[in-house]
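Data first, discussion second: the structure below is written as structure tokens.
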Amino acid sequence: MCAKRNDSGIGRREFIKKGAAAGVGAATLARLTTSDALAAPPVLKWDATGVDVVIAGAGASGVSAAIAARDAGARVLVIEENYKKGGHAILSGGRVPLGGGTSLQKKYGVTDSADQVYADHTNFKNPEFRYADRELVRVWADENAPTFEFLLANGVRFREDLPQAVNGSDVPRMFRAALSSNDLKETINGSDGSGVMLPLIASAEAKGVEFLTHCKLTGIVRERPTSGRVLGVVAYVQGLEGASEVRIQAKRGVILATGGHTSNVEFRRMFDPRLTEEYQTTGEPWSHQNADSEILAMAIGGVLWATANQTSESGVPITKTRHIGCRYGYQNLKWNPQSPMFKQAGASGLTVRRDFQDLIMVNQLGQRFWNELDDSYRFLNACLSGTAGAHSNGGKLNGGGPIWAIFDADAVKREQWDPTPPNVDLNGWFFSADTVGELAGKIVNPYQTSPMSGRALEETVAKYNSYVDAGKDPDFGRPMLLHKVEKPPFYAAWSTPILHDTLSGLRINSKCQVLDLQGKAIPGLYCCGEAAGRFALHGLPRVLVFGRIAGREAAVAKT
Amino acid sequence: MAPRHSNALPEEAALATYERLEHTTSIAVWDVPSPLVIQRRSNVKVGVSCSEKCCLAGGSVAILDETGLRVATAHLGSVGLAGTKALYWAEVEFPEVIAEGLHNWSAEYLPPDASLRAVVHRPSSFRFTFRAVRPPEHRVTVRIVEEQTGNPVDDVELRLGAHRARSANGIATFEVAAGTFELCLWKIGHNVASISVEVKGNLTVDVELSKAPAIEEPYWM
């Protein structure tokens with residue numbers, strides 16, 4: 001934990017002391033919301049001065065921004081609400097599809113150009129790119145190769161594998177980072193994304209970037225409520241004696257890099273009202289995408305942009321759960337029991353290996369609702385339909401409610417599952433029983449708004465089994481009906497879709513300046529990462545490129 | 001005037017009524033032969049579980065056909081099914097089925113006479129289905145090789161009409177009556193294959209199973 005004194009006066013002890021003197025309560029950072037300080041008034045007294053660029057968020061975009069700003073000569077402070085740096089990206093697959101003629105592409109004989117990158121990412125036939133703002137795609141394409149070289153220069157190493165072509169392009173661009181540590185305390189869950197983040201963090205620290213963890217952004221200070229320059233931020237620092245408010249001046253700029261909005265139920269429902277509270281989010285419980293950047297910037301005049309990206313039914317903003325029987329079952333993030341976050345994650349989940357052939361899925365009423373083998377948006381839309389909710393919780397119409405995978409002992413054998421902890425979470429996410437009717441009665445979960453009827457589930461299973469006998473599923477057209485659900489014991493495993501990408505966010509320009517409703521830049525305010533909108537590209541390439549641009553631009557901004 | 005209490009139930013009876021507990025029960029039916037060959041006797045397993053996990057050993061279960069006619073009965077065994085908390089079960093001999101086609105039967109639990117018991121188990125039932133087919137006349141052998149390599153493919157799951165099988169050493173066999181059936185093959189990572197097969201005598205069907213094209217991994221996080 002950082003406690004040293006430095007030129008900017010941003011030692012943790014000073015923060016906490018000042019905050020405590022201000023009488024701030026002991027709320028945990030996790031409970032804080034940005035509404036606590038939405039309209040942060042201009043302050044004349046700062047708790048910390050001397051910082052050129054304050055960056056909120058120590059994920060892929062924030063750390064890239066920090067290095068770029070530091071490289072440009074700025075004094076940089078990164079605040080991070082988590083206890084450790086790395087953000088969402090440290091749990092990622094470490095896949096970096098940046099092209100345009102990188103040195104690694106050349107090594108493998110791949111010919112590419114920025115123009116080709118641009119053409120590939122503006123193809124209207126790909127709905128993921130259909131709604132992208134071309135101005136941003138252009139600068140992103142131009143900065144592909146320089147950003148890849150930036151990663152190499154800052155210690156990121158890639159696997160010596162042939163690059164893959166992705167995103168509908170024929171040009172191989174995707175390289176995968178090499179895992180840089182086997183220590184789960186460092187990597188959190190052993191994901192290859194740590195091969196990007198740990199070297200970048202080390203490089204940033206070596207270059208003199210200062211980090212303050214346990215520090216949550218709660219306000220942006222602007223000269224006037226919706227006009228003038230952004231002067232700094234308000235944040236809460238978590239100490240042993242509680243959370244303390246601090247005000248940090250940013251002489252050149254504030255960079256918002258707190259991630260997207262998928263963990264914020266009310267915010268995400270602005271885009272899709274179906275996304276009620278039962279939907280868990282990739283990266284949780286490690287990182288939470290609370291829409292802090294978006295909410296705080298909107299409070300001082302920032303606006304969202306290209307919001308169609310979030311609901312274009314392309315890409316992976318919503319995903320089918322692949323690890324069932326646990327709360328967090330995103331398919332490329334299986335929690336390791338040795339992870340320091342495992343206690344919060346609860347279980348690893350049972351990984352579905354056989355294309356969902358071995359189970360049926362039911363809503364909270366115990367009814368099948370779609371062909372379980374489908375993993376398209378048709379399946380997801382069926383999951384999110386209001387059918388279940390309409391009959392419960394006082395007629396709540398939004399959200400599809402919990403989705404449960406129902407299977408039997410034979411399925412366990414075929415899938416080679418061990419349906420016991422730590423693979424399953426018995427605290428509301430996985431149930432077993434001797435009969436189907438009994439199973440329904442056991443299902444108790446925070447999002448199960450009414451008990452599942454044993455008779456209803458029995459009828460569903462009996463009907464499905466009759467379809468297996470008949471070889472046809474007249475309800476949902478499931479092909480290849482191979483196995484009945486009949487052999488005791490029976491199981492119910494949480495299989496509710498998981499939210500993933502934030503594809504819409506703050507309107508920024510090609511310098512990553514946050515824009516207002518008139519399209520004018522808010523002086524001193526920048527945004528990058530998943531909090532920034534306009535371009536619906538999944539994963540690391542978007543956040544790394546715009547992080548680097550934001551840092552570079554903020555560092556040279558006029559004061 | 002008679003004392004008021006003279007019209008009340010005897011104290012003992014009232015107590016018994018008051019203290020009587022009702023437990024629900026539920027049923028599982030498994031190892032249902034499907035397809036089942038007509039005019040042959042078969043077995044099915046029926047298990048019953050009490051909501052409070054009482055021992056139900058010795059209790060009666062019955063099988064009812066679609067008309068509601070009780071066609072078989074059995075007594076639950078004394079040991080719960082392995083892997084369950086307390087599922088008492090019995091193997092019930094299945095009577096001969098006469099008609100081809102999909103049958104919709106049920107199993108029911110018949111609790112013992114509850115009049116003198118403190119705990120009453122409520123009866124329960126469970127619907128199950130099976131398909132009945134004519135006796136097999138011919139053997140259909142399916143030989144499965146991988147299209148690209150010609151190597152035999154194991155663990156392919158197949159359906160031939162109502163019949164199901166799994167390949168070993170690249171071969172799956174079916175015993176079926178004459179007729180025309182849809183043969184479907186499924187194995188993860190391969191394209192689903194489906195062909196129509198007319199069975200008039202013993203038959204060998206050769207199938208080349210092709211690998212499904214590698215799909216661009218859309219999930220990078």
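The values are calculated or read from the model by the stated rules, or taken from the named source; none is laboratory data. Nothing here was measured: the structure is a model prediction, and the numbers come from that model. Neighbour counts are summed over all protein chains in view; Cβ atoms, including those assigned to glycine, are modelled from backbone coordinates with ideal geometry. These accessible areas exclude ligands, DNA and RNA; they are computed on the full protein's heavy atoms, side chains included. Shrake-Rupley method; radii C 1.70, N 1.55, O 1.52, S 1.80 Å.
Interface residues of segment B:68-90, defined as those losing at least 10 Å² of solvent-accessible heavy-atom surface relative to the isolated chain (probe radius 1.4 Å), are listed as B:L81, B:G83, B:T84, B:K85, B:L87. When the Cα positions of B:V153, A:V166, A:Q448 are compared along the charge dipole of the protein assembly as shown, A:V166 comes out farthest toward the positive end, with charges on each C-beta of Lys, Arg, Asp and Glu.
Its DSSP H runs of at least 4 residues, each contributing -39,500 (n - 2.57), put the calculated 222 nm mean residue ellipticity of chain A at -7500 deg cm²/dmol, to the nearest 500. Diffusion coefficient of segment B:97-221 by Stokes-Einstein, Kirkwood radius over Cα pairs, 4 °C, 1.567 mPa s: 72 µm²/s. The calculated FRET efficiency for the pair B:L203 and A:K442, based on their C-beta separation and a Förster distance of 41 Å, comes to about 0.30.
Helix A:12-21 and the longest principal axis of the Cα set of chain A meet at an angle near 90°. For segment B:29-84, pairs of C-alpha atoms spaced more than 14 angstrom apart make up 64 percent of the total. Counting 0.36 nm for each residue step from A:D183 to A:N398 and taking away their Cα separation leaves a gain of 73.2 nm. Pairs exceeding 22 Å between alpha-carbon atoms, taken from A:K463/B:K85; A:K207/A:K251; A:K125/B:K187; A:K107/B:K211: A:K463/B:K85; A:K125/B:K187; A:K107/B:K211.
Accessible-area loss of 10 Å² or more (1.4 Å probe, protein heavy atoms, chain alone versus all protein chains) is found in segment B:20-37 for B:S26, B:I27, B:A28, B:V29, B:W30, B:D31, B:V32, B:S34.
Net charge of the neighbourhood of B:R131, taken over other residues with C-beta under 12 Å away and scored Lys/Arg +1, Asp/Glu -1, is +3. For segment A:309-379, the dipole from Cβ point charges (+1 on Lys and Arg, -1 on Asp and Glu) about the Cα centre works out to 280 debye, to the nearest 20. Taking max minus min of the alpha-carbon positions on each principal axis, segment A:279-391 gives extents of 51, 37, 28 Å, largest first. If you take the accessible area of B alone, add that of A alone, and subtract the area of the pair, what total do you get in Å², probe 1.4 Å, to the nearest 100? Counting both chains, the buried surface is close to 3800 Å².
Using a cutoff of 8 angstrom between alpha carbon atoms and counting only pairs six or more residues apart, the relative contact order for segment A:195-302 works out to 22 percent. Against the empirical 2.2 N^0.38 Å (N residues), segment A:247-339 has a Cα radius of gyration ratio of 1.28. Just checking the listed ones, B:T204, B:T25, B:T84: in the Gaussian network model of chain B with Cα springs under 10 Å, the one fluctuating most is B:T84. From a point 7 Å beyond the Cα of B:D65 in the direction of its Cβ, which residues of segment B:85-119 have a backbone N at a distance under 18 Å? Counting only backbone N, you get B:92-108.
In a reduced charge model with +1 at each Lys and Arg Cβ and -1 at each Asp and Glu Cβ, chain A shows a dipole moment near 1420 debye about its Cα centre. Each 20 Å bin, from zero up to the one with the longest distance, holds this percent of the alpha carbon pairs of chain A: 22, 51, 25, 2. Taking the full set of protein chains and a 1.4 angstrom probe, give the accessible area of A:M452 in square angstrom, rounded to the nearest 10. So the heavy atoms of A:M452 present about 10 Å² to solvent.
The Cβ shell under 13 Å around B:A86 holds other residues with a net charge of -1, Lys and Arg each +1, Asp and Glu each -1. Largest GNM mean-square fluctuation across B:L76, B:L64, B:L21, computed for chain B with C-alpha springs under 10 Å, falls on B:L21. Shown for segment A:470-559 is the translational diffusion coefficient from the Stokes-Einstein equation, using the Kirkwood radius over Cα pairs, a temperature of 20 °C and a viscosity of 1.002 mPa s: 124 µm²/s. Note on A:A470 and A:E277: with the Förster distance fixed at 30 Å, the Cβ-Cβ geometry gives a FRET efficiency of about 0.20.
From the Kirkwood radius over Cα pairs of segment B:128-200, Stokes-Einstein at 4 °C and 1.567 mPa s returns a whole-number translational diffusion coefficient of 100 µm²/s. Distance between the modelled labels on A:T559 and B:I38, one decimal in nanometres: 9.5 nm (7 Å Cα→Cβ projection).
Rounded to whole Å, the principal axis extents of the Cα atoms in chain B read 98, 55, 29, largest first.
Relative contact order, whole percent, for chain B stands at 17, derived from Cα pairs under 8 Å and 6 or more residues apart. Once R0 is set to 22 Å, what does the formula 1/(1 + (r/R0)^6) return for the Cβ-Cβ distance between B:L110 and B:V79, expressed as a FRET efficiency to the nearest 0.05? With R0 = 22 Å, the Cβ-Cβ based efficiency is 0.65.
Each of B:H23 and A:D115 was given a label point 7 Å from its Cα along the Cα-to-Cβ line. The distance between the two points is 8.0 nm. Accessible area per residue for the protein assembly as shown is 40 Å², calculated with a 1.4 Å probe on protein heavy atoms, without ligands, DNA or RNA. The solvent-accessible area of A:D161, taken with every protein chain present and a 1.4 Å probe, is close to 80 Å². If only the Cβ of Lys and Arg carry +1 and only the Cβ of Asp and Glu carry -1, the dipole of segment A:228-292 around its Cα centre is close to 520 debye. Determine the sum of side-chain charges near A:G349: Lys and Arg each +1, Asp and Glu each -1, restricted to other residues whose C-beta is under 11 angstrom from that of A:G349. Spelling it out: positives minus negatives among the neighbours equals +2.
Does any residue of segment B:154-169 lose at least 20 Å² of accessible area with all protein chains in place compared with its chain alone, and if so which ones (probe 1.4 Å)? Residues meeting the cut-off: B:E157, B:R159, B:R164, B:R166. On full extension, the segment bounded by A:E223 and A:L240 gains 2.8 nm, given 0.36 nm per residue less the C-alpha separation. Place +1 on the Cβ of every Lys and Arg and -1 on the Cβ of every Asp and Glu in the protein assembly as shown, take the dipole about the Cα centre, and give the residue among A:N363, A:V63, B:L183 whose Cα lies farthest towards its positive end. Result: A:V63, furthest along the dipole toward the positive end. Scoring A:132-138, A:103-109 by mean Cβ neighbours within 10 Å over their residues and listing the highest first yields A:132-138, A:103-109. Strictly over 23 Å apart at the Cα level, which of A:K334/A:K484; A:K343/A:K487; A:K85/A:K334 would you flag in this model? Over 23 Å apart, Cα to Cα: A:K334/A:K484; A:K343/A:K487. Only Cα pairs under 8 Å and 6+ residues apart enter the sum, and on that basis the relative contact order of chain A stands at 21 percent.
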